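> Questions regarding the structure given below will be posed in turn.
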Amino acid sequence: MVTIILNGYNRLKYINKQIDAMKSQTVKIKEILIWQNQNSKNQTVKIPKDVHLIKSSFNFGVWSRFALALNSKSEYICVFDDDTIPGKNWLKNCINTIEKKNGLLGTRGVRFASKKEYIVGEEFGWNNPNDDIKQVDIVGHSWFFRRDWLAGFWRELPDIDVSNYVGEDIHFSYTIQKYLKLNTYVPPHPLEDKTLWGSNSNFALKVGSDKNAISYNKLRMAEMDL
């Protein structure tokens, strides 16, 4: 079974759309957990009673989701960004993939063109569909992994002065490769079957480019190079 972890911040109006997509998965979901950072817009939404909402009085950023994951009770965990709506067979796709390639999985994978800067060379996943499994440097928008691998994630802590808002994706792929000898992959995203995709491309392009997007924030993008 799979634990789902969602993020609540300035896009809470979409949270129930995400929850519906999780409950529609063809793989059984054990639990859905939402980490809601302190919200500057003070948005309130009605969350289903079977979903566990954890509210924080401080904005701990993107890293907090992986701390929350330590409380899961499932073999597998899938963490989602708030602009990501998966197809109904995404989790099934991940389980089939991880049985072939035992490693961290995501719906947008990047191979870097530089070893010193955040410069994308190649991409795979919902924004550049791939018919077969692709090994990449990091993944984003969703992270599918075995619960035990959190021991690798937290074995090496991020620097004290690291940003709360970026870097968790690089850290995850780096630590599991260093300590667990595991690589990072993007499962198949075939054009003929978008139920297997980890993200609805139309939704991701629309919501992922709004004013809340980290990728459109010059300060956050600069932090990625640190």
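> Once phi is turned into ³J(HN,Hα) by the Karplus curve 6.51 cos²θ - 1.76 cosθ + 1.60 with θ = phi - 60°, what whole-Hz value does each residue of segment 67-75 show in order, with x for glycine and proline?
Karplus-based 3J(HN,Hα) across segment 67-75 equals 6, 4, 4, 4, 8, 6, 10, 10, 5 Hz.
> Please compute, for the alpha-carbon atoms of segment 45-151, the extent along each of the three principal axes and give them in descending order in Å.
Result for segment 45-151: principal-axis Cα extents of 41, 32, 30 Å.
> Please check: in the Gaussian network model of the chain (C-alpha springs, under 10 Å), which one of Ser64, Ser114, Ser163 has the largest mean-square fluctuation.
Of the options given, Ser114 has the highest mean-square fluctuation.
> Can I ask one more? Give the cross-link partners of Lys17 among the lysines, using a straight C-alpha distance below 21 Å as the criterion and excluding same-chain residues fewer than 8 apart.
By straight Cα distance, Lys17 reaches Lys28, Lys30, Lys41, Lys46, Lys49, Lys55, Lys88, Lys92, Lys194, Lys206, Lys211.
> Here is a further query. When each pair of different Cα atoms in segment 1-67 is counted once in the 1/r mean, what is the Kirkwood radius in angstroms, to one decimal?
Answer for segment 1-67: a Kirkwood hydrodynamic radius of 12.4 Å.
> Loop-only check: which chymotrypsin sites (Phe, Trp or Tyr not before Pro) in segment 26-100 are DSSP coil with at most 10 other Cβ within 10 angstrom?
Answer in residue order: Phe58.
> Can you pull out the trypsin sites (Lys or Arg not before Pro) in segment 181-210 that DSSP calls coil and that have at most 11 other Cβ atoms within 10 Å?
Those satisfying the criteria are Lys181.
> While we're on this one: Measure off, as a whole percent, the carbon and sulfur share of the 1.4 Å-probe accessible area of segment 1-40, all protein chains present.
Result for segment 1-40: 45 percent of the exposed heavy-atom area is carbon or sulfur.
> Count the DSSP beta bridges whose two residues both fall in the chain, then state the antiparallel fraction as a percent rounded to the nearest 5.
Antiparallel bridges: around 50 percent, rounded to the nearest 5.
> List the residues whose amide H sits under 5 Å from the amide H of Gly8, counting only those 5 or more places along or on another chain, with H placed 1.01 Å from N in the peptide plane.
It is Trp35, Gln36, Asn37, by chain and number.
> Under 8 Å for C-alpha pairs, at least 6 residues apart: give me the relative contact order for segment 1-147, rounded to a whole percent.
26 percent
> So how much slack lies between Asp50 and Leu191, counting 0.36 nm per residue of separation and subtracting their Cα-Cα distance, in nm?
Result for the pair: 47.4 nm of gain on full extension.
> Just to confirm my numbers, what's the Cα centroid distance between segment 127-202 and segment 48-119 in Å?
7 Å
> Taking only protein heavy atoms into account and a 1.4 Å probe, give the accessible area per residue of segment 121-161 in Å².
53 Å²
> What does the accessible area per residue of segment 36-108 come to in Å², with a 1.4 Å probe and no ligands, DNA or RNA counted?
48 Å²
> I would also like to ask the following. What is the pair-distance distribution P(r) of the chain, computed from all Cα-Cα distances in 5 Å bins starting at 0, with each bin given as a whole percent?
So the P(r) values, bin by bin, are 1, 7, 15, 20, 22, 18, 12, 4, 1, 0.
> Once neighbouring chains are kept in place and the probe is 1.4 Å, which whole percent of the accessible area of segment 77-138 is contributed by carbon and sulfur?
39 percent
The values are calculated or read from the model by the stated rules, or taken from the named source; none is laboratory data. Fair warning: this is a prediction, and the values are worked out from it, not measured in the lab. Every residue, glycine among them, receives a Cβ derived from its backbone with ideal geometry; neighbour counts consider all protein chains shown. Please note that ligands, DNA and RNA were not included when accessible areas were found on the heavy atoms of the full protein model with its side chains. Shrake-Rupley method; radii C 1.70, N 1.55, O 1.52, S 1.80 Å.
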